Amino acid sequence: MPITHEVLPRKQLAIATALLVPLLALTGCSNGGGGVTDVGAKEAITLAAQSDVKVIDVRTPQEFAAGHLPNAINIDIEASTFDTQVKQLPVSAKYFVYCRSGNRSGVATNRMSAEGFTSLYDLQGGIQQWAAAGGSVVS
């Protein structure tokens, strides 16, 4: 079949779509906040198991004591010491941040990003989604 002026644009559109869709899927995972990537529970389970990822629970100490992710450290986003504690962490490390539902971790990762942290992962749905996906919770 000869290429006509009508077929060529369709092929170009198909190629552009094939290239653009995966790119949009990748950028859709990020909230655009300077190195903050939103992750779902299943991806988070894999991420938290990596030895170079630091897990941060930004809930209150009482919530943390009731149950938290293995190897998590507690830095309460609502505490007056949050910024001071965060500034003591190496900015170049990878951090996986979570809370109960995902709201406080979003605030925390945005504040951390503003401090220069470049590799932040924010658990969407929080520990509730983590547990629903089969993630381990310890106390």
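The values are calculated or read from the model by the stated rules, or taken from the named source; none is laboratory data. Keep in mind the model is a prediction, meaning the values are calculated, not measured. As a convention, Cβ positions derive from the backbone with ideal geometry for all residues, glycine included, and neighbour counts pool all protein chains shown.
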* Asked: Using beta carbons and a limit of 6 Å, which pairs, at least six apart or on different chains, have the first residue in region 65-84 and touching a residue at least 60 places away in the same chain (Cβ under 8 Å) and the second one of a type in the set (Val, Ile, Thr)?
  -> Gly67/Val137; Leu69/Val55; Pro70/Val138
* Just one of the numbered conditions (1) modelled with pLDDT of 95 or more; (2) farther than 23 Å from Gln129 by Cβ; (3) in a helix (DSSP H, G or I) is not true of Ala14; which one? -> (1)
* Take Glu43 and decide whether it is without any contact (Cβ under 8 Å) to a residue 60 or more places away in the chain, surrounded by fewer than 19 Cβ atoms within 10 Å (Cβ to Cβ) and either touching a Ser or Thr at 6+ places or on another chain (Cβ under 6 Å) or under 18 Å from Gly135 (Cα atoms) (or both). => yes
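For (1) among the aromatic types (Phe, Trp, Tyr); (2) exposed (fewer than 14 other Cβ atoms within 10 Å of the Cβ), each residue gets a yes or a no:
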| position | (1), (2) |
| --- | --- |
| Pro70 | no, yes |
| Glu78 | no, yes |
| Phe82 | yes, no |
| Val91 | no, no |
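Every residue, every condition in (1) closer than 11 Å to Ala41 by Cα; (2) surrounded by 15 or more Cβ atoms within 10 Å (Cβ to Cβ); (3) among the charged types (D, E, K, R), yes or no:
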| residue | (1), (2), (3) |
| --- | --- |
| Gln88 | no, no, no |
| Phe96 | no, yes, no |
| Asn103 | no, no, no |
| Glu115 | no, no, yes |
| Leu123 | yes, yes, no |
| Gln129 | yes, yes, no |
* Structure fact -> Flagged in region 95-139 as in contact (Cβ under 8 Å) with a residue 60 or more places away in the chain, among the hydroxyl-bearing types (Ser, Thr, Tyr) and under 14 Å from Phe64 (Cβ atoms), in numbering order, are Ser139
* Out of the residues in region 73-112 that are of a type in the set (Gly, Ala, Ser) and over 12 Å from the mean Cα position of the chain (by Cα), state the one that is farthest from Val58 (Cα to Cα). => Ser92
* Does Gln128 count as farther than 22 Å from Gly35 by Cα and not small (Gly, Ala, Ser)? -> yes
